[in-house]
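Asker: One structure, pasted below without further comment.
Please treat every number below as a calculation from the coordinates, not as lab data. Computed from a prediction, not measured in an experiment: that's the story for all the values here. Positions of Cβ are generated from backbone atoms using ideal geometry, with glycine treated the same way; all protein chains shown enter the neighbour counts.
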Amino acid sequence: MVNDTVPGRYWHLMDDGRIQCDLCPRYCHLKDGQRGLCFVRARDGDGLVLTTYGRSSGFCVDPIEKKPLNHFLPGTPVFSFGTAGCNLACKFCQNWDISKSREIDTLAASASPAQIAAKAAQLGCRSVAYTYNDPVIFLEYAIDTALACRERGLKSVAVTAGYICD
């Protein structure tokens, strides 16, 4: 049993009883208690859960120019955060200690989507970036955070390789 989890939205039950994660092209096939290659999407009973929802590897205010963007809100601060895990295995990863972490203890800070949006606004940020690890794997958390940000007039930035299914 996985604790402190939120149901995942992108999966289906296979004929052989395993669950297939449908989020990224790795299509991990999971038996009860197993985690996908990303380590944060896991089978729990008859469903898939996201084990990092609401839990971050850290928060930081960065200049928007630090993100791989061109002429997007120039000169403004962006509230950046990520979680543990990743669905990629890049040998050159500068955040490997976070993205390939198997220790949930690396998730030091917790915040709901509404709390992230409120903090970003309080700090004078005009946008929130989902970064440090690929946000594809925490898509449910990122989408819910983006919706909370939109309610406050904040933009969202996904720093991603885009390794995701349709």
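Asker: Would you mind telling me which residue in Cys21, Cys90, Cys125 has the biggest mean-square fluctuation in a Gaussian network model of the chain, where springs connect alpha carbons within a distance under 10 angstrom?
Answerer: Cys90
Asker: Per DSSP H run of at least 4 residues, take -39500 (n - 2.57); add these up for the chain, divide by its residues and hand me the 222 nm value, nearest 500 deg cm²/dmol.
Answerer: That calculation yields -4500 deg cm²/dmol at 222 nm.
Asker: Shape of the stretch 6-50 from its Cα gyration tensor (a ≥ b ≥ c, root eigenvalues): rounded if a/c is under 1.5, otherwise prolate when a/b > b/c, or oblate?
Answerer: On the way: a/c = 1.33, a/b = 1.11, b/c = 1.21.
Judged from the Cα gyration tensor, the stretch 6-50 comes out rounded (a/c under 1.5).
Asker: Let me ask something else. Which residue, chosen from Val49, Gly33, Phe59, occupies the Cα position most advanced towards the positive end of the dipole of the stretch 3-82, where the dipole is computed from +1 (Lys, Arg) and -1 (Asp, Glu) charges on Cβ about the Cα centre?
Answerer: Among Val49, Gly33, Phe59, the one farthest towards the positive end of the dipole of the stretch 3-82 is Phe59.
Asker: Using a Gaussian network model of the chain with C-alpha springs under 10 Å, which one of Leu37, Leu123, Leu154 is most mobile by mean-square fluctuation?
Answerer: Result for the chain, Cα springs under 10 Å: Leu123 fluctuates most.
Asker: May I pose another question? Please give the helix 139-151 orientation as an angle from the longest Cα principal axis of the chain, in degrees from 0 to 90, rounded to the nearest 10.
Answerer: Approximately 30 degrees, to the nearest ten.
Asker: In terms of modelled amide H atoms, which long-range or inter-chain residues lie less than 5 Å from the amide H of Asp134?
Answerer: Under 5 Å from the amide H of Asp134: Asn87.
Asker: Which angle between 0 and 90 degrees, to the nearest 10, do you get for helix 113-122 versus the longest principal axis of the chain when only C-alpha atoms count?
Answerer: Rounded to the nearest ten degrees, it is 10.
Asker: What is the percent of Cα-Cα separations in the chain that go past 30 Å?
Answerer: Everything past 30 Å amounts to 16 percent.
Asker: Report, in debye and to the nearest 20, how large the dipole of the chain comes out about its Cα centre when Lys and Arg carry +1 and Asp and Glu carry -1 on their Cβ.
Answerer: Numbers: 18 positive and 17 negative charges, 90 e Å.
It comes to approximately 440 debye.
Asker: For Asp16, Asp166, which order do you get if you count the other beta carbons within 10 Å of each Cβ and list the fewest first?
Answerer: So the residues, fewest neighbours to most, are Asp166, Asp16.
Asker: Here's something else I'd like to know. Name the long-range amide H neighbours of Gly82: under 5 Å, sequence gap of 5 or more, or other chain; modelled H, no Pro or chain starts.
Answerer: Excluding prolines and chain starts, which carry no amide H, the hits are Ser57, Gly58, Thr131.
Asker: In the chain, what percentage of the DSSP-assigned beta bridges are antiparallel, given to the nearest 5?
Answerer: So the antiparallel bridges in the chain amount to around 70 percent.
Asker: So, one more: I need Val157, Val40, Val6 ordered by Cβ neighbour count within 10 Å, fewest first.
Answerer: Val6, Val157, Val40
Asker: Can you sort Arg35, Arg41 by how many other beta carbons sit within 10 Å, fewest first?
Answerer: Arg35, Arg41
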